[in-house]
Amino acid sequence: MTNSTLPYASRLSALPPYLFADLEKKTAEKIAAGRDVINLGIGDPDLPPPGYFTRSLQMHVADPDAHFYPTSRGDPDVRKAIARFFKGRFGVDLDPESQICVVLGGKEGLSSLGRAYVNPGDIVAVPSPAYPVYAQGITALCDAQTQVMPLKSENGFLPDLNLAEGVRALFVNYPNNPTGAVATEFFWEQLADFADTHPETLVCHDHAYSEMTFGDYIAPSLLQYTKNCVEMHSLSKVFNATGFRIGFAAGRADIISGMVRVKTQIDSGAPLFIQRAMADGLLSYRGTEPPPEVEKIRRVYGERRVYAEKALALLGLDVTHSEATFYVWVRVGDDEMPFVERALDHDVVVTPGRGFGAEGIGYIRLALTQPLPRIEEALHRLV
Ligand SMILES: Cc1ncc(COP(=O)(O)O)c(C=O)c1O
């Protein structure tokens, strides 16, 4: 019998240390001590899912076939429903047989995609700041290397695609986490041109926030501009359904097939009742118009955003204005950590920008996942 620790696979050492551990520890200590902590750190919606969505879920749990193994690609009827939604919402025709795959949330879809296409030593172009899964869950866990594409305020937080020349895979995300930025028409065209002229590169658009837009802004799909890509969609955010783990990938049939091959070895598909609730959720759209319950959710996040942008600007901070997402990206100086610590001293949790990559240093991200009065209270505490 030996007491030595079994070493992790070497790829785990490529994952950076968990930056938020200290922040989370301090937050937990404060809560345990009975402090009134306002957490604007987590992008997990506080609002409940739309009632019609949960009622659909409850109904489908009792379907006589709901207890069987689902399939990794997703139920054929659910894929047909996704295709109908996609046609109405984006005006894009998808073949439900070959161009759609149901995923257990965008995160699973992205990592399955990586497993299918990224070889050890490959270069993967990832934005910075960005959702950390591109650099870590995909690139590091596939023993690959990142090519960083900085997102800078002066460029509207859009990457320079020249930096992605020759890479194996390229990930972008608009509306964007963490900056809230949306892409311009010109950028979509540039990206489509890149996808069409770079057959060696897998181009993935992560559309996790496609429905979280406000005012007149409607987010397009990259598939409106090119067929040579794959796009990841999620019901997590605007359906307030992060815990249901459901979404879908859409795009080029060969790319979808690669993902499905990985998924058949790893998962056996999303539970059928959750897939069917997703289908009901999406089919309630009328073209680009969401059902009233989803519209109401958008309105609530939109109001919070308007308030937070204005209040932070009044504090003299450099706020990134946007018509999308519940994230507010704020420049607070050259080093954001003193601001983050000071906020914590006032029992307010905000995310340091460096958690999203080195280009995030000097920024904080506020997730507007608290009721408006709590956001107001948090910002008052920061004064
Ligand atoms: C940009 C982005 N992509 C994907 C995801 C994953 O979403 P889910 O796995 O819940 O569908 C998130 C979640 O925060 C995100 O911010």
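Details
- If you go through segment 147-199 and keep only what is among the β-branched types (V, I, T) and more than 16 Å from the ligand (Cβ to nearest atom), you end up with V148, V167, T184, T197.
- From the list E200, E189, E231, the lone residue that is among the acidic types (D, E) and modelled with pLDDT under 95 is E200.
- Verdict on R115 being in contact with a strand residue (DSSP E or B) (Cβ under 7 Å, 6 or more places away or on another chain) and assigned to a helix (DSSP H, G or I): no
- Among the candidates G258, G302, residue that is more than 23 Å from D36 (Cβ to Cβ) and in the same structural domain as I38 (by TED's automatic domain parsing): G302
- Segment 296-313 - residue that is under 19 Å from the mean Cα position of the chain (by Cα) and farther than 12 Å from Q370 by Cα and, of those, surrounded by the most Cβ atoms within 10 Å (Cβ to Cβ): I297
- Scan segment 308-328 for residues that are among the aliphatic types (A, V, I, L, M), assigned to a loop (DSSP other than H, G, I, E, B) and out of contact with any strand residue (DSSP E or B) (no Cβ under 8 Å at 6 or more places or on another chain) and the total you get is 1.
- Total residues in segment 112-130 satisfying the condition of being buried (at least 21 other Cβ atoms within 10 Å of the Cβ) and over 23 Å from E165 (Cβ atoms): the figure is 1.
- Candidates F244, F214, F187, filtered to the one that is buried (at least 22 other Cβ atoms within 10 Å of the Cβ) and within 25 Å of G302 (Cα to Cα): F244
- In segment 64-84, residue surrounded by the fewest Cβ atoms within 10 Å (Cβ to Cβ) [restricted to those that are under 15 Å from E231 (Cβ atoms) and away from the ligand (no atom under 16 Å from the Cβ)]: A83
- Counting only residues that are over 27 Å from F326 (Cβ atoms) and of a type in the set (D, E), segment 39-65 holds 2 of them.
- Residue selected from segment 119-135 under the condition without any contact (Cβ under 8 Å) to a residue 60 or more places away in the chain and assigned to a loop (DSSP other than H, G, I, E, B), by the criterion nearest to the chain's Cα centre (by Cα): V133
- Positions within segment 364-383 being farther than 19 Å from K237 by Cβ and within 19 Å of the chain's Cα centre (by Cα), in sequence order: I364
For (1) part of a helix (DSSP H, G or I); (2) of a type in the set (K, R); (3) in contact with a Leu (Cβ under 8 Å, 6 or more places away or on another chain), each residue gets a yes or a no:
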| position | (1), (2), (3) |
| --- | --- |
| D280 | yes, no, no |
| V294 | yes, no, no |
| R298 | yes, yes, no |
| Y301 | yes, no, yes |
| V306 | yes, no, no |
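- Residue in segment 34-46 that is away from the ligand (no atom under 16 Å from the Cβ), free of Cβ contacts under 8 Å to residues at least 24 places away in the same chain and out of contact with any Ser or Thr (no Cβ under 7 Å at 6 or more places or on another chain) present: yes
- Single condition A135 does not satisfy, out of (1) surrounded by fewer than 23 Cβ atoms within 10 Å (Cβ to Cβ); (2) away from the ligand (no atom under 12 Å from the Cβ): (1)
- With respect to (1) more than 12 Å from the ligand (Cβ to nearest atom); (2) in contact with a strand residue (DSSP E or B) (Cβ under 8 Å, 6 or more places away or on another chain), the lone exception for C204 is condition (1).
- Looking across segment 222-241, the residues that are part of a loop (DSSP other than H, G, I, E, B) and either away from the ligand (no atom under 15 Å from the Cβ) or aliphatic (A, V, I, L, M) (or both) come down to Y225, T226, K227, N228, C229, L235, V238, A241.
The values are calculated or read from the model by the stated rules, or taken from the named source; none is laboratory data. All figures in this text were calculated on a predicted structure; none of them were measured in a lab. Neighbour counts are summed over all protein chains in view; Cβ atoms, including those assigned to glycine, are modelled from backbone coordinates with ideal geometry.
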